[in-house]
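The values are calculated or read from the model by the stated rules, or taken from the named source; none is laboratory data. Just so it is clear, the structure is predicted and the values come from calculations on it, not from any experiment. In this analysis, Cβ positions are derived from the backbone assuming ideal geometry, glycine residues included, and neighbour counts consider all displayed protein chains.
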Amino acid sequence: MFRHGLRVSEICRMKFSDIDLETKILHVHRLKSCNSTVHPLYKGEPRAIASWVAARSKMHPDSDTLFVSERRRPLSRATVWLLVQKYAQAAGLDALSIHPHMLRHACGYNLANRGADTRLIQDYLGHRSIQSTVRYTALASNRFANLF
């Protein structure tokens, strides 16, 4: 969710057909009238996904849904919320009231802090309006670093 700036519903709806391990790409189907796009799979992702696909095919071979619960049903938004809170607590971050959408915001802030162009961040996150994106660049401490 962090690396690709995914919303909870986007991860819950992800299908096997959205991933091409041969070309190492992920088809991101954005919701909320955002622009869908294609992302490269980054370091370690293809191998992790291939391992999950092998395990997943034994759990519920008839479904195209990529992520399923222990009950072998597509992940629900509530389950993702619980998982994120569980991992936040394990990391000692439970006092921060961590929720899944924070991962999407963290992606935007990370890209801005690494010097990514605002339009690139807009495309990556699927924002139709640049106004949704400028919030990430406004807080980037290095935004004026290379002006002169």
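Give the residues of region 124-148 that are modelled with pLDDT of 90 or more, assigned to a helix (DSSP H, G or I) and either touching a Gly at 6+ places or on another chain (Cβ under 6 Å) or surrounded by fewer than 13 Cβ atoms within 10 Å (Cβ to Cβ) (or both), sorted by residue number.
L125, I130, Q131
Would you pick out the residues in region 57-91 that are among the hydroxyl-bearing types (S, T, Y) and under 17 Å from the mean Cα position of the chain (by Cα)?
T65, S76, T79, Y87
Is it the case that L41 is closer than 14 Å to E10 by Cα, surrounded by 11 or more Cβ atoms within 10 Å (Cβ to Cβ), under 15 Å from the mean Cα position of the chain (by Cα) and not polar (S, T, N, Q)?
no
Restrict the check to region 88-106 and report whether at least one residue is surrounded by 16 or more Cβ atoms within 10 Å (Cβ to Cβ) and of a type in the set (D, E, K, R).
Checked region 88-106: at least one residue is surrounded by 16 or more Cβ atoms within 10 Å (Cβ to Cβ) and of a type in the set (D, E, K, R).
Restricting to region 106-120, what's the tally of residues that are more than 22 Å from V8 (Cβ to Cβ) and hydroxyl-bearing (S, T, Y)?
Selection size over region 106-120: 1.
For region 75-86, indicate whether the set of residues that are out of contact with any Ser or Thr (no Cβ under 9 Å at 6 or more places or on another chain), of a type in the set (S, T, N, Q) and farther than 17 Å from F2 by Cα is non-empty.
no
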